[in-house]
Each structure stands twice: as C-alpha cells, then as structure tokens.
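Below is one structure; the comments refer to it alone.
Nothing in this text is a laboratory measurement; each read-out follows from the coordinates by a stated rule. All figures in this text were calculated on a predicted structure; none of them were measured in a lab. Cβ atoms come from the backbone with ideal geometry, glycine included; neighbour counts cover every protein chain shown.
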Amino acid sequence: MTATIQAPAPTTTPARGVETLTMAQALNRALRDSMAQDESVLVFGEDVGPLGGVFRITDGLTAEFGDQRCFDTPLAEAGIMGFAVGLAMNGMRPVVEMQFDAFAYPAFEQVVSHVAKLRNRTRGALSAPIVIRIPYAGGIGGVEHHCDSSEAYYAHTPGLHVVSPSTPADAYALLRAAIASPDPVVFLEPKKLYWAKGQVELDAPAGEIGTARVVREGTDATLIAYGPSVPTALEAAEVAATEGRSLQVVDVRSIVPFDDETVCAAVRSTGRAVVIAEASGFTSVASEIAARVTERCFHHLAAPVRRVTGFDIPFPPPKLEHFQLPSVDRILDTVDELNWEDA
Amino acid sequence: MTATIQAPAPTTTPARGVETLTMAQALNRALRDSMAQDESVLVFGEDVGPLGGVFRITDGLTAEFGDQRCFDTPLAEAGIMGFAVGLAMNGMRPVVEMQFDAFAYPAFEQVVSHVAKLRNRTRGALSAPIVIRIPYAGGIGGVEHHCDSSEAYYAHTPGLHVVSPSTPADAYALLRAAIASPDPVVFLEPKKLYWAKGQVELDAPAGEIGTARVVREGTDATLIAYGPSVPTALEAAEVAATEGRSLQVVDVRSIVPFDDETVCAAVRSTGRAVVIAEASGFTSVASEIAARVTERCFHHLAAPVRRVTGFDIPFPPPKLEHFQLPSVDRILDTVDELNWEDA
Amino acid sequence: MHRGIDSLLPSEEPVQHLGADGRLTPLGESAKPDDEALLEGYAALVAARRLNDQAYALVRQGRLAVYPSSHGQEACQVAASLVLGRQDWLFPTYRDSAAVVARGVDPVEVLVLLKGDWHAGYDPREHQVAPQATPLATQLLHAVGVAHAATLRGEDTVVMALCGDGATSEGDFHEALNFAAVFKSPVVFFVQNNEYAISVPLARQSVAPSLAHKGIGYGIPGERVDGNDLAALLSVLGDAVTRARDGEGPQLVEAHTYRMQAHTNADDATRYRNDADVQAWVHRDPLTRVETYLRGRGLLDDAKAADLAEAAEVVAARVRDGLNTDVEPDHRKLFDHVYARRTPQLEEQAALVADELSRETATEDAR
Amino acid sequence: MHRGIDSLLPSEEPVQHLGADGRLTPLGESAKPDDEALLEGYAALVAARRLNDQAYALVRQGRLAVYPSSHGQEACQVAASLVLGRQDWLFPTYRDSAAVVARGVDPVEVLVLLKGDWHAGYDPREHQVAPQATPLATQLLHAVGVAHAATLRGEDTVVMALCGDGATSEGDFHEALNFAAVFKSPVVFFVQNNEYAISVPLARQSVAPSLAHKGIGYGIPGERVDGNDLAALLSVLGDAVTRARDGEGPQLVEAHTYRMQAHTNADDATRYRNDADVQAWVHRDPLTRVETYLRGRGLLDDAKAADLAEAAEVVAARVRDGLNTDVEPDHRKLFDHVYARRTPQLEEQAALVADELSRETATEDAR
Ligand SMILES: Cc1ncc(C[n+]2csc(CCOP(=O)(O)OP(=O)(O)O)c2C)c(N)n1
Ligand SMILES: Cc1ncc(C[n+]2csc(CCOP(=O)(O)OP(=O)(O)O)c2C)c(N)n1
Ligand SMILES: [Mg+2]
Ligand SMILES: [Mg+2]
C-alpha cells in the first residue's frame, strides 16, 4: 500500500489549464482554490491579512474571503498553534503561517504535544487537520533566525506529515493535498524558490502526500534531495553529464510519510547514492534517508550512501552562508568518492 | 584530537573512595559536590527546592546551600531557560531541571535560538554554560507526556552537548563534567535507571564529555546503545552468549560530541552492528549512528547496520509501553538477521 | 474600545455567599441562591467527594497508577460543569476528573488515563469535554479556538477553560487570554487557586494582588470567588457564562480554594507544608457548608442525605468494578490512530509486532 | 506582600512634560526638566536621527540588507540609554540600534548584523549591551537573569529591557515580567508602543486599557509616557531605574510613539496604513519639541545646532566608510565559536571547507 492522501476532486473550481507561475503565486492559488472549495478553511497568522504575508503568499485572501477567513492574530506563535488546535477540534481546517522557520519554535510544545498527538490520544475522536506553513531554509541572505532548516524536528515527531515542494507545480498540488489531508501537515516552503517560475497545472488531478519522484533519469548514481536542494541536485547532474557521468535525481517531496519504494528502486538501479539537504547533518532527515536506504539496499550498494548537508553549526550570517549551503561542487566531489575504482 | 572536556580537579572535596549509590543518589552527589566547589553553580526549576524535585535529585540542596543557590521558580519552562541564559551571561552556572521530557518543549525556542547559539553569535564574548537536566524516556509506566525520548531534537541542534549516562558512576562523572563544561549540556537522565545501583568512584579523575566506552567485549556483532537502552543491550548480549553468539556492547554516553573513533573501531572489529534506542526511529539519533557508522565502516560491514528503536508512534500508555521499548527479544531477532549466512 | 477600568478589576475580597458556618453572608442574602440549584449541586458535591475518595483507594490497591485528587475543591469542580449547557464545552486538567464526571462522562472512562489502558478514555465529542490536559495551560488556547469556531458559525456555545494557580505562570495562559480578548471569544477562564503547584506555594508563583488582577492586562474582567462556596461559585461562574453567551467576550474567574491532599499520591506534602495549614482549611470544607445551609432551610434531612450517599456509592461501586476489570492490551491500536490511515512505515512496524506476538504464541503453544 | 493597587496602575493619560508645541505642560512645569540632561539628550537625538537616515540610505545603496528604523522613536531610544549608569545593562531589539549607539557602542559594529558579516558585531561586555534580539520577547527573560545574578552578588546593576507593542503578546513577555516580580529583580521593562507590529495595528494586538495595565497582573507598577517627549521619558525611565536600583523591584513603562517608516525597507506600509495617519504624527516629532524648548530657554542657538549636526555628520561619515569596507569572508570563524573547543566533527567539517578552498585557489592559480 502507498500512503497517498487524495485531495477531493475540485468540483467547484472550473478547469483552468496550465499557467506559468512563481512558487509564491502557486501557493497563493492553492490557498485561494482550497478556500473557495471548503468554507471551513481558515488562514491566519502574523501579517497574513491586509499585508498578505511578508512573502505575499496570502496576498488578496482577506479581500476575497473576508477577514473572518483570512486574518491577523496577536503576535504569539504558541497562541496561533493552540488556537488552531481548538478550531480544528471544532470543525475548522486551519492553515497557519509561521513567519520564519525559527519563529515556529515558540509553538513547539503545541505542535509536539497536541497537534501531532490529538488523533492518537482520542483514538480518532478528535483530530487536528492543520497545515503549518513555514517559509523555510536559507539562500536568501537572511539574518540570524531567518534561515533555519527545521524539518528534522518535525520529521522525528510521529503524527505529523512533513512535505516540501521544489517546483511551483508541486507547491500547488502538495498544498492542496495538505489542506485536504485529515492529518496535520508541516508544509515547508523553500524561501529561495519563492520566485522560481514553472508551469502549474491548476486542474490537474489532486496532488498526493507520500510520493517521491524521479526528476532526472541517470544510471551511475542517485542524488536524493528535497525542497531547496532539488534544483542544486539537478544542476549537479547537469554538470556531471558534461563530464560523462549520468546522475539520477530523486525529489523526495514527502519526508513523512517517506516513499521507500520509489527512493529505494532508484538507488538499486544505480548502486550509489548521495543525499543532499541544507539542514545540519547530525541527526537529520538526510541521516534517516541514508540509514534507511542502506538498510533496504545494502547488497546493491557499491559505496556507502553519502550525505552532503549543512555543517553542524548555527546558520551563518549572509556573507558566509554560501559555505553552508550544499553546492554543485561539493555534491560532485562527493559523487567522485563513491568507490568508482571498484566499478 | 578528541573532544573531551575535563571537569576541574576536585581540589576542595576530600577523597571519599568508592560508594554504592543509586543513579539518583549519584546525581544528587554530583550536584552537591559541584555546588560546594563552585559558588556560581545555581540549581533551579520546578519543585527542586524544599521538595527536592519530583525524583528527589535535588534533595537537601536548599537546606545545605540556601535558597539563593537552589530554588523553585514560577511554573514556566521558557522562563526558566531564558532566566538561565541571563544568569549565565552574567557569570553564573545554572543547572536547570525540566520536570519531565515533554515539559521541556515550552523552552524549545530559548534552547535552540539562544542557549545553543549565544557563544557563536557573539564570537565567544558571551556563552551559556547551562546544564539542562531532563528526566527522560519511558519504562516507568508514566502517563502521556511523561515518557518522551527527546534527544533527537537536541542532538540536531548545533551548539549543544547531549549526554546520557547508563550507570551511577557515569551519572556522577558526566554531571560533574557537564557542570564544569564551558558550553551548554543537555543532560538526559533515564528515569527507569534512577533506582539502579552501582559503584561510584567519588574521587575519580574528572569525567569526560565526548567519549564512548566498550562496556562488554564481543566478537560477532556490536550493539550500540546509550542511556536507558544500555542495560537492555547488556542483557541481550548475556542471553546471546548462552546461545553461543558473542556480542560486543558500546555505551555511547556522549551523543554530541559523538565518539566516532571508539564506536567505529568497535564496529570494524565485529563487522556487524545494531543500534538500540528507545526514541521513535525516524530521523533519530539511531539513524545518525547508523548513517555515520556505515559511512565510515562500509567496507568492514557484512550486513547493513540495523536499528532497534521505538516505533514512529506517540509514546504508548502504561499498559502498552512494553511494545514500544526495545526488548532483548527484538534485539536478538535483529541480530539474527545480520547476514550470518555469509559469515 | 474597552470597558471602564473598574469593571475589569476584581472585587476587593473573594465573593462569598455562604460562610464557612453555612449561613448566608450579606452578599448571599441579596443574591438569594436558588434552592433547586443548590440541592442539585449538593448531590453533585457528594458524588464528587465519593469519586475522589474511591479513586484514592484504588491507587492504594494498585488499580490506578496515580490520582491527582480534587478533595477540598469539589465545589469548584461541580460548579464549573453545572453552569454549562449542552451546547457548551468543558476544558479540564488532570485534576478535574470530578468536573468531567459532573458533566456526565462515565467515571470509568475518565479514569482510563490513570489506569493506563489508553490516553483519553472518553469520546470528547459525546459530552463536549476535551481530553484532560497535562501540559499546563496548553488547553486554554484550544478552548479559545473551539469558542472562536462557534462564534464564526454563529453558535451560542460557551467554553469553560480550567487551570490551576501554577499554570497561570505559563506563557500559554497569557497568549490564551489575549487571543480570547482580541477575538472576543466566549470563554470563561476559571483558575482554581488551590495555593500550591505541587510543592510551590502561591507566593513563589505570583506577587500580584490576586490572580484575577491579571484580567485587566488583556481587557478581560477579572473576578474572584470563595472556591469552597458552591453558592457563590454558581453565581459568579453562571454570570460569567451568561455574559460570554451574550457576546460580552471572555471572563477570568479565580477561585480561592485549597488542595487538601498531596499533589498526587506519589507526592509527599509533608516536605513543604505543615499539617496545621491543611487543618485550618478543614472547617471551610465545601460540602459541610452547603449541607448546613440546606438542612437549615429544611431542604435536606437524614433520609435525603442517605439517598445521596447511596447514589454516590452506586457510582463508586461501578468505578471499582470498571477499574478491577483488566483490558487485554491490543498492540494494533498503537498504530491505528497516529494518522487517519497507517503510513507504509507504520504498516511495517505493526507487522513486526504482530509477527513477534505470533511467534511468542507459537512458542507457548509448543510448550 | 504587595503595594496598594493604585500604585500598580498607570496614570490615566501618558505622562507628558513637553507638549508637541515644545512648551512645558503643567506636569512638566512642576517636574522642572534638567537643562543639562535635555541638552545632552538633544545632542543624542540629533545623532540618533542622523544614524537612522544614514542607515536607510545605506540600504538603498545596497550596503545593508535591511534596516528597521527607529525614525520617530528616537526619544525613546536616547532616553533608554541615557538613564543608565556604567554598571547597568541594556537589552535592545533589532529596532534599537540608536539606543545601542547612544550607550556608546560603535555604530559600525552595531550594523555588522545587517551588513551580514556576522551576527552580533559588538562585544556585549564592553558597554554591557546584549546582542540585539530578533526572536521577539525572548531577551526579556535574559534581562531578568542578568539582573538576578547582580542581585545575588549584591551589585546595584539595573537592567533596561526593551521590546515593542507586538512583542507583549508573546508568552516570554509574561514569563519575564512574572519572574522579575517574584525575584524582585531590578529590571525596567520598557515597551515602545509604536502602534504597529509590522502590519498589525495595536487594536488587533491587545484590547487592554493600555499595555501598562499589564503590570498589575504581576504586581509590577505600570506607567505610561509620551514616547515622543524626551523630558517625560528621562523623568519616568529615570525614576524607574532609581526605584529598581533602590531594591523596589521591576517596573513596566509603556511609551506611546509611532513608527514613522515601514517596518523595514523591505516592508510596504501602504498596504496597511494611510499616509494621513503617518502625517498626523509628523508634528509630534521628538526632535522638534526639544529643539523648540531649548531654543526658547536660550540653551540652543543656530551655532550650537550646527555643531551638533556636524558631530552627527562625522559619525555618519564613519558609518558610511565602515559599511563600504568589504570584509573578506573567513570560513574558519564558522567553526570556531560553536563550542569553546571544536568537536572532532567540526574539525572534519572545517577541514573539508579548507580543502575545497585550497583546491579552488589551486585551480585559479593554474589558470
Ligand atoms: C508544561 C508543564 N510543565 C510542568 C508540568 C508538571 N506539573 C504537573 S502538575 C504541576 C503543578 C501544577 O500546579 P497548578 O497549576 O497550581 O495546578 P494543581 O495541580 O494545583 O491543580 C506541574 C509542575 C506539566 N504538567 N506541564
Ligand atoms: C518569535 C518571533 N516571531 C515573529 C517574528 C517576526 N517579526 C519580527 S519584528 C515583528 C513585529 C514586532 O512588532 P513590535 O514588537 O511591535 O516591534 P516593532 O517592530 O514595532 O518595533 C515580527 C512579527 C520574530 N522576530 N520573532
Ligand atoms: Mg494549584
Ligand atoms: Mg511595534
């Protein structure tokens, strides 16, 4: 069985075909379409109302749906999260925005002790279908506390889904699926990709949570990435191709649930793998991927699964962040170390 | 170089030889000895004063050192942690108690954004030599929110040391080293081992942070464990021995910094390894250990490094917790799967 | 836009209608307590006390791991529930089992948490009672969310949100009161100030004139009431509920009461308070004063009292039976409610346990 | 034990000594502002305004990524620092660069954070100024800890802890005020209520009579003051510092002021407020009124004003130079201060970067 959660078929929204959108626009469209379709969807947080969010993801929602559906709250993240839990207990589908990754930490107790556990504690009598949107990770020259990659904290917490899109199309489809999900979803939006453009199929069949995708075919080794690292992985594969090495790229998309089938099939097909993620490497999602891929593909591996991750340091200041971010060169250096002499 | 942090030689405390103590008593002794030695050591939190803590780890400290050195605070964990940061900024060495693992979550922002980062942000001008003591993990039949294994959250956060003792002797030595450390230490006290007895060398050379220890020699496979899982691992090795299989056991002790040298040497000596930890397995410290041991020992491995961990579920209620805890049987089952046919 | 400052500040002394001697105070005289309501309340008090005693006994017998008793606080417990209507919600803590039972939840289901079979033992939707909260003050925010959802749908639901004196120090208390005030949510924040947070006395928790004085900082009216006086509680909480239902927004009510027993049976209260302090509260017992009053008014006699005791005993017996019944631990439910559907990983993990169990059974059968 | 309730509540209107017209109010008349202090303060105001303008210009020139300006709030900035002694501590936020500079910290070092070379650009110990805090309200707790350490050692340090109106909604604000009250810590909590938290107006942040009314809920005296009136600020904050130093514990001061510019240059304030609202505050400018007053008293003339402007210009020039100097990014410092000593893992990681760089250099040299 695969853990896919279908968004309800978009019955009220007419077909609109394919448009070229930035990821920010795609997310905004997903919110609008979900709000139009389901009255119980509420969008709230800090500055998401008239301002439209500091990244403008909620632009126009208050104007379109009124300030009962999209509104600003007092400045308190635990408050926002606990309030969302109560709204969800009473029939609403809250979509909350944490303004930046590190500013979700005040809500940590609410997320871990309540959002993640409500269904389980009550054997399904109550649930918390909350989407926690977090502008996430670095690459935009942000000052301290504005560039954390916090996925490990959520991925380690049973009861949460954790996803991160790398394209506008996935951003749209995954956010719609997240809002439709009966369970809480931590939705990590790579800040540096907000302005990246791509084609978005707005009347596509509903997106899914729980599936990875091979985004570039290749035969020599597999790069496994998600969110902000996918474009970097693709770029590395492009460069490697010019050097005669064929790298496959898998976009994980859904960290929880993890798509072992797709990822492991990919790794088995090449026998070598590098996991790429921006977060500090120690006890990270990259560690998990390396560990589980190894457990499942050991006898197909010509080399240990390697990780290219952020270092185990606080996120650096703007002028130094390029040292921290996985780079094409660092990825290719690591690929070079995958025991090719045995090949 | 090895990352060992020495506690200052105990000059003011006379030699007292070896005593048999429970882990709770050993921790209490470590607090007392550190407080006696260094006036700047302050112990505070919820119910740590006259009551002596709900587990009695701080028993008698207020009576002995006065209520300026060991005291109760208002009931607010972010408050306790932020207050500790300020005290540390101004020359004190706070040792705070979070009453139970899940009740440290309200302090998460203070821990991640301040405790862990203060030295780095200020290039060493300020630092946060705080010890965060957390009664930790399950096995005592506690109700919800009282049995979380939260080490992954801290281990993933650069700037924190994370340790967990498995014996009274290590509890004493590690806590003394933690208090003497110039950096913050998350000190995880396995609740179920509080009443376990052992010999404690009170005038031993100061304990160290950053070293693992082989606690049982063995030749067929290596069990890697820490904190509450070490006794289980030892028991499994005992049983295995009666079945003719020689299992080596490594007590990690210090999760951050991790002692790659000792752990990898052990794994290379046997060629097979199982990591054991109570926390849910996904994106856990066990994942990290499996990933890094594999990276470093790949060509010595006869089988993939396997993990025996808690499931990816909220910690179960008392009557069901035995399903969640790594058991001797589950460990031995996993050992059985380490490709012995190839041996 | 806010009310005048005076209307946000509590009265100088806790509101009292029935004195410790069971006589009406001057305020009580003018308030004219409703006989019916007091009699109903008294029955609930008797049941609540019996529940506390029974649960305590079950701990000693090892049938419950632990029990945080509300002995001495039963008037607060009973009033918190009795002032609510069917459409309302109650948000209790670990100490509020008696309030949950007073709202109609089966006490055996309530005690499941402490028995250890599961976390929440009752279906929160049935009586609109949230699961009992352990992480302090977190539930206050949920209460505001539930209330706001009702407001958005135009329902006249009121939410009664309980917490202790210690919990008022948590950040979530602050954020909940502020959210409720800003969204004008129909929530009654009801603080049972029992003078202790485990071992920590109120004086180390707050140096405010009273906890009810916290209301004005949010623009919320604060009131304080004698927490051992059922008549005053019914009146003050009842008014708060009415005002909230009428769209006047949240209210903060602090009840002055006392935790007569240790925090739980696992606690040793002799380490931090004198028996004399506890004794001083015995004559303020919330049951005695209502009983005295009702007997004085001829609304209660020995026969009626015996009936009530018997009714309470029936429930106690059912609790004993329920708690003495062992439930077979079923590992499957560990994996069934983490998500609406098991993930592939949870399927694998559940299968592992099932496999272990079937092998165990096979081994046992083979013996 | 607490003070009378009235002494904990703020005055009905914000304290004002100098009206917007630069004349003394009746209260100001009786308070008799100190000429010296006002003149010193005015010099600091001129410097603060110049710093704000310069930093804003540097953003447009791309030398600073972002700048949260305190334009319009300079009286608060200056007063917060000037009332402190050498032994005191200042806890500023991201918006309080001008306060930090008024305390003596090198403005070029202050702007390092926003230039992006490092996080905290100055050594906090040198002038006892904490690093500027970004995670809202978190620093208030640190302030209490620093104050309590001083109390334990018998030092007469006072801590000035700054935050904005929005930050008062955070749980940490609540916990900090309560800790300070319970431990009677010498902290002045100084809230600059500039009516906005980014786009969110005060009315959506709080419906309390005023933010200063939050004090009583902790047993802390709350006061409010015209935040564009340097004379009143020096008086109210100065008294608060004195009382704290005298062992009377923490104080809460709310200044009513206005954020004249957008939240930062990255913000677009036209989305949520009218220019007319902003214009209404122009005539309340904190500089003009002090200038008018000082000129009226003959303490300031054109020559003196020119001197002050020139002094401010010298600093501005130094800021420009400092910000125009590029610092070579040094990867080693990324690994040097995570812990007192690098862990083995950090040694490995630093070596990896060093190796990458040396190979890059080799490649470049080879070209
Ligand atoms: C966030 C959090 N911190 C700590 C605890 C541990 N704890 C449980 S009850 C309690 C005391 C609560 O006191 P109070 O709020 O006065 O309620 P009471 O028990 O007196 O009814 C503490 C510290 C907890 N449950 N949650
Ligand atoms: C914990 C946290 N949440 C959110 C933010 C993002 N943020 C930065 S400034 C700001 C508004 C703060 O408003 P206020 O406290 O009034 O201060 P002002 O900026 O007006 O000086 C917000 C929401 C943050 N820095 N920290
Ligand atoms: Mg209490
Ligand atoms: Mg503001």
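Here the contact order of the stretch A:212-329, divided by its residue count and restricted to Cα pairs under 8 Å and six or more residues apart, works out to 28 percent.
Proximity of backbone amide H atoms, modeled 1.01 Å from N, is registered between D:E223 and D:L252, D:V253, D:E254 at under 5 Å, excluding neighbours fewer than 5 places apart on the same chain. Whole-Hz Karplus values for the stretch B:289-305 come out as 4, 4, 5, 6, 5, 5, 4, 8, 10, 3, 7, 9, 8, 8, 8, x, 5 Hz, taken residue by residue from phi with 6.51 cos²θ - 1.76 cosθ + 1.60 and θ = phi - 60°; glycine and proline positions read x. The phi-based Karplus calculation (6.51 cos²θ - 1.76 cosθ + 1.60; θ = phi - 60°) puts the 3J(HN,Hα) values of the stretch B:323-332 at 5, 8, 6, x, 10, 4, 4, 5, 5, 5 Hz, whole numbers, x for Gly and Pro.
Within 10 Å of each Cβ in peptide D:58-68, how many partner chain Cβ atoms are there on average? Round it to a whole number, please.
The mean count of partner-chain Cβ atoms within 10 Å per residue comes to 1.
Taking every residue in B:121-132 and counting other chain Cβ atoms within 10 Å of its Cβ, the average works out to 5.
The eigenvalues of the Cα gyration tensor, multiplied by 5 and square-rooted, give the stretch C:5-323 an equivalent ellipsoid with semi-axes of 27, 23, 21 Å from largest to smallest.
Remark: C-alpha extents of the stretch C:289-334 on the principal axes read 57, 18, 11 Å, sorted largest to smallest. Axis between D and C by rotation; chain D residue with nearest Cβ and distance in whole Å recorded as D:G171, 1. Tell me whether the stretch B:18-208 comes out rounded, prolate or oblate; compute the Cα gyration tensor, take square roots of the eigenvalues as a ≥ b ≥ c, and use a/c under 1.5 as the rounded threshold. In terms of gyration-tensor shape, rounded. Between the amide H of B:I140 and any residue lying 5 or more places away or on another chain, no distance stays under 5 Å, with hydrogens modeled in the peptide plane.
Relative contact order for the stretch D:208-367: 15 percent, from Cα pairs under 8 Å spaced at least 6 residues apart, divided by residue count. When the Cα gyration tensor is reduced to axis lengths a ≥ b ≥ c, the ratio a/c stays below 1.5 for the protein assembly as shown, which is therefore classed as rounded. Could you tell me the number of lysine pairs in chain D with C-alpha atoms less than 30 Å from each other, where the two lysines are 8 or more residues apart or belong to different chains? Taking the Cα cut-off of 30 Å, the pair count is 4. Working note: Karplus 6.51/-1.76/1.60 with θ = phi - 60° gives the stretch D:46-57 the couplings 4, 5, 5, 4, 5, 4, 4, 5, 5, 4, 4, 5 Hz, where Gly and Pro are set to x.
Of D:Q349, D:Q61, D:Q77, the residue with the greatest mean-square motion in the GNM of chain D, using alpha carbon springs below 10 Å, is D:Q349. Take every pair of alpha-carbon atoms less than 8 Å apart whose residues are at least six positions apart; their mean separation over the length of chain C yields a relative contact order of 24 percent.
Any idea how far the Cα center of the stretch B:219-281 sits from the one of the stretch D:234-259, in Å? Between the Cα centres of the stretch B:219-281 and the stretch D:234-259 lies a distance of 58 Å. In terms of the mean number of neighbouring beta-carbon atoms within 10 Å, the peptides D:228-240, D:10-22 order highest first as D:228-240, D:10-22. Quick check: Cα centre of the stretch A:118-179 to Cα centre of the stretch B:20-52, how many Å? Taking the Cα centre of each part, the stretch A:118-179 and the stretch B:20-52 sit 40 Å apart. Taking amide H as placed 1.01 Å from N in the peptide plane, the amide H of A:I255 sits under 5 Å from that of A:V162, A:V163, A:S164, each at least 5 places away or on another chain. Restricting the calculation to alpha carbons of chain B gives Rg and Dmax of 19.6, 64 angstrom.
For the stretch B:213-335, what mean projected area does the convex hull of the alpha carbons give, in nm²? Please report the intermediate quantities before stating the final value.
Values: hull surface 28.5 nm².
For the Cα atoms of the stretch B:213-335, the hull's average projected area reads 7.1 nm².
Computed packing ranks the peptides A:276-287, C:64-75 as A:276-287, C:64-75, most packed first, by mean other Cβ atoms within 10 Å. Other residues lying with their Cβ under 13 Å from the Cβ of B:V263 contribute a combined charge of -1, Lys and Arg counting +1, Asp and Glu -1. Other residues within the sphere of radius under 11 Å centred on the Cβ of B:G198, judged by their own Cβ, net out at -2 (K and R +1, D and E -1). Note on A:E39 and D:L27: the model spin-label points, each 7 Å out from Cα along the C-beta direction, lie 5.0 nm apart. Comparing B:L174, B:L332, B:L27 in a Gaussian network model of chain B (Cα springs below 10 Å), the most mobile by mean-square fluctuation is B:L332. Between D:Q345, D:Q87, D:Q261, the residue with the greatest mean-square fluctuation in the GNM of chain D (Cα pairs under 10 Å linked by springs) is D:Q345.
With 10 Å bins beginning at zero, the pair-distance distribution over Cα atoms of the stretch A:70-153 amounts to 18, 47, 27, 7, 1 %.
Run the helix sum for chain D: -39,500 (n - 2.57) per DSSP H stretch of 4+ residues, divided by residue count, reported at 222 nm to the nearest 500 deg cm²/dmol. Let's see the in-between values first.
Numbers: 16 runs with 176 residues, N = 367.
Value at 222 nm, helices only, nearest 500: -14500 deg cm²/dmol.
Inter-part distance, the stretch A:302-343 to the stretch D:197-217, computed on C-alpha centroids, equals 48 Å.
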